[in-house]
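Engineer: Take this structure, written in structure tokens, and hold onto it; I'll ask about it next.
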Amino acid sequence: MSALTELAEAVGPALAEHAVRDPGQGRFANVSDRTRGFVLEAVREGYELHYGTPRAFVDVDDDLRLLGGDALYALGLSRLAEVGDLEAVAELADLISACACAQAAGEPVTAERAWAASEERLA
């Protein structure tokens, strides 16, 4: 099962009804640590719900995109906290903040650079 499929099964009912049946391989399939791979997928899908095009969810209205994105951020960070990976929690919290600032400033390229740097550090 791909991390995206697992993610779609882990969300609450409001977002679950928008889950893609087979979202395919995740963006972070190369991450060897399964928990970190799942978390990166969750946080990236949350980011995409806020600012782009998610892979695991479709036809989500604007209000649910915002709430669903926040829920995916929380799901990812809570999984890391459960296993005590506080370094990764801090990294992703900083990433979420940096991406929000970059998007608010109209600098999506800066957000993508932040993603690439965080993926490298967490992979």
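Engineer: Using modelled amide H (1.01 Å from N, peptide plane; none on Pro or chain starts), what sits under 5 Å from the amide H of residue 26, excluding residues fewer than 5 places away?
Structural biologist: Here 3, 4 satisfy the definition.
Engineer: Whole-Hz ³J(HN,Hα) for each residue in the stretch 15-20, computed from phi via Karplus 6.51 cos²θ - 1.76 cosθ + 1.60 with θ = phi - 60°, x for glycine and proline: what do you get?
Structural biologist: 7, 4, 5, 9, 5, 6
Engineer: If you don't mind, another one. Which trypsin sites (Lys or Arg not before Pro) does the stretch 20-118 hold that lie in a coil by DSSP with at most 14 other beta carbons within 10 Å? Show your work: numbers first, answer last.
Structural biologist: Working: sites: 21, 27, 34, 36, 44, 55, 65, 79, 113; in loops: 21, 27, 55.
Of the trypsin sites (Lys or Arg not before Pro), the ones in loops of the stretch 20-118 whose Cβ has at most 14 other Cβ atoms within 10 Å are 21.
Engineer: On to the next question. Just tell me, in residue order, which DSSP H segments of the chain are both 15 angstrom or longer along the helix axis (alpha-carbon based) and at least -1.0 in mean Kyte-Doolittle hydropathy. Write out the running numbers ahead of the final one.
Structural biologist: Working: long enough: 34-51 (25 Å, -0.59); 62-82 (30 Å, 0.27); 86-104 (27 Å, 1.21); 108-122 (21 Å, -0.55).
Both cut-offs are met by 34-51, 62-82, 86-104, 108-122.
Engineer: Based solely on its DSSP helices, what 222 nm [θ] is calculated for the chain when runs of n ≥ 4 H residues each add -39,500 (n - 2.57) and the sum is averaged over all residues, nearest 500 deg cm²/dmol?
Structural biologist: It comes out at -22500 deg cm²/dmol, rounded to the nearest 500.
Engineer: Starting from the amide H of residue 57, placed 1.01 Å from N in the peptide plane, find each other amide H under 5 Å away whose residue is 5 or more places distant or on another chain.
Structural biologist: Distant-sequence amide H within range of residue 57: 20.
Engineer: Which value, in debye to the nearest 20, gives the size of the charge dipole of the stretch 3-122 about its Cα centre, when Lys and Arg are +1 and Asp and Glu are -1 at the Cβ?
Structural biologist: On the way: 10 positive and 22 negative charges, 48 e Å.
It works out to roughly 240 debye.
Engineer: Calculate the spin-label point distance for residue 9 paired with residue 53, positioning each point 7 Å from the Cα along the beta-carbon direction, and give it in nanometres.
Structural biologist: Distance between the two pseudo-spin positions: 2.7 nm.
Engineer: Could you work out the mean projected area of the convex hull around the alpha carbons of the chain, in square nanometres to one decimal? It would help to have the intermediate numbers written out before the result.
Structural biologist: On the way: hull surface 27.6 nm².
Value for the chain: 6.9 nm².
Engineer: Can you give me the long-range amide H partners of residue 11? Hydrogens built in the peptide plane at 1.01 Å from N, cutoff under 5 Å, separation of 5 or more residues or another chain.
Structural biologist: none
Just so you know, all these numbers are worked out from the coordinates, no wet-lab data involved. Everything numeric in this text was worked out from a predicted model, so none of it was measured. Note that each Cβ is placed from the backbone with ideal geometry, even for glycine, and that neighbours are counted across all protein chains shown.
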